[in-house]
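Notes follow once the structure below has been shown.
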Amino acid sequence: MRNESRVALVTGAAQGIGFAITRTLGSIGFKVAVLDVASSQDIHEAVTVLTEEGIEARGFTADVTDPESVADVVDDLITGWGRIDVLVNNAGINRDALFLRMKEENWNQVLEVNLQGVYHCTKAVLKHMVKNRSGRIINISSVVGVTGNPGQTNYATAKAAVLGFTRSLAREVAGRGITVNAVAPGFIDTDMTRELSEEVRKTWIDQVPMRRMGNPQEVAETVAFLVSDSAGYITGQTIHVNGGLFMA
Ligand code: NAI
């Protein structure tokens, strides 16, 4: 099937890595759905940029922690575009604190978005992929899901769980023509990391063998590979995009 008739749903896509993924998949011919909890104005702006670049894009305001709103988006997309070929579970948040000071609320919020969100979105999309006997699911994890990181027990727990989810689901649906893979970015230049102090950013960069942050485009290119025909025999894997910060 040519990419022009293929549909990708990307969560947390109004900015950062998710936006770069929609732009990259759009540039190779996918129709892209931008799902985000951001303001409708921000989503509209993201969709406008894509449309101006000749990409067929639609925006949806939805929270990945709310199964009903996610199901509505999926129904809407199936009605409008007839199919969903690719799901990228990218929406994520962090609420960092050392464990002794971490509030239960912050623990729960991070698990809700980064892990339950993956459950809800995958649940909503998978039955369509099974019916079509084809599909690609990409989960955006993190290097800290493998290495751990002080101050991020909540985030690292969710991101590690996503890797277990990826491997288990990959085994379940491999026979249905569906691949499930994870991408684990390292230290990427987005709003998430711009919140950190200069000092913390410098400490991170010093640990990266390439001595620089990654950019969202570099993560997006890896997703584009995983959804391509070239990656048809790759499933259950974690692809690290981290400038050498961690080597499996
Ligand atoms: P970002 O903060 O720039 O963008 C995240 C997007 O997700 C935002 O548009 C936000 O509105 C959306 N979002 C948050 N909660 C949501 C919800 N409940 N429902 C729907 N959308 C929601 O972050 P960034 O850096 O682009 O991160 C994207 C993914 O990459 C996240 O899963 C993050 O954990 C992961 N990641 C980022 C790294 C980095 O260095 N920036 C490193 C490793 C992983």
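Is any residue of segment 190-225 close enough, with backbone N under 18 Å, to a label point placed 7 angstrom from the Cα of Leu98 along the Cα-Cβ axis, and if so, which? Under 18 Å, as judged by backbone N against the label point of Leu98, lie 197, 200 of segment 190-225. Counting Lys and Arg as +1 and Asp and Glu as -1 over every other residue whose Cβ lies under 11 Å from the Cβ of Ala57, the net charge comes to 0. Annotation for segment 1-108: GluC sites (Glu not before Pro) lying in DSSP loop with at most 11 further Cβ atoms inside 10 Å of their Cβ are Glu53.
Once both axes come from the Cα atoms, what is the angle between helix 153-173 and the longest principal axis of the chain, in degrees from 0 to 90, rounded to 10? Between helix and principal axis, roughly 30 degrees.
What shape does segment 120-221 take by its C-alpha gyration tensor, where a ≥ b ≥ c are the square roots of the eigenvalues and a/c under 1.5 counts as rounded, a/b above b/c as prolate, and the rest as oblate? Note, shape of segment 120-221 comes out prolate. Taking the C-alpha atoms only, the angle from helix 198-207 to the longest principal axis of the chain is near 80 degrees. Restricting the GluC sites (Glu not before Pro) of segment 132-204 to loop positions (DSSP other than H, G, I, E, B) with no more than 15 neighbouring Cβ atoms within 10 Å leaves Glu195. Among Ile93, Ile239, Ile17, the order by Cβ neighbours within 10 angstrom, fewest to most, reads Ile93, Ile239, Ile17. I'd like the orientation of helix 216-226 relative to the chain: the angle between its Cα long axis and the longest Cα principal axis, in ° from 0 to 90, rounded to 10. With both axes taken from Cα atoms, the answer is about 50 degrees. Restricting the trypsin sites (Lys or Arg not before Pro) of segment 79-181 to loop positions (DSSP other than H, G, I, E, B) with no more than 15 neighbouring Cβ atoms within 10 Å leaves Lys103, Arg133.
No value in this document is a laboratory result; all are computed from the given coordinates. Quantities reported herein were computed from a predicted structural model and do not represent experimental measurements. Glycine also receives a Cβ, built like all others from the backbone with ideal geometry; neighbour counts cover every protein chain displayed.
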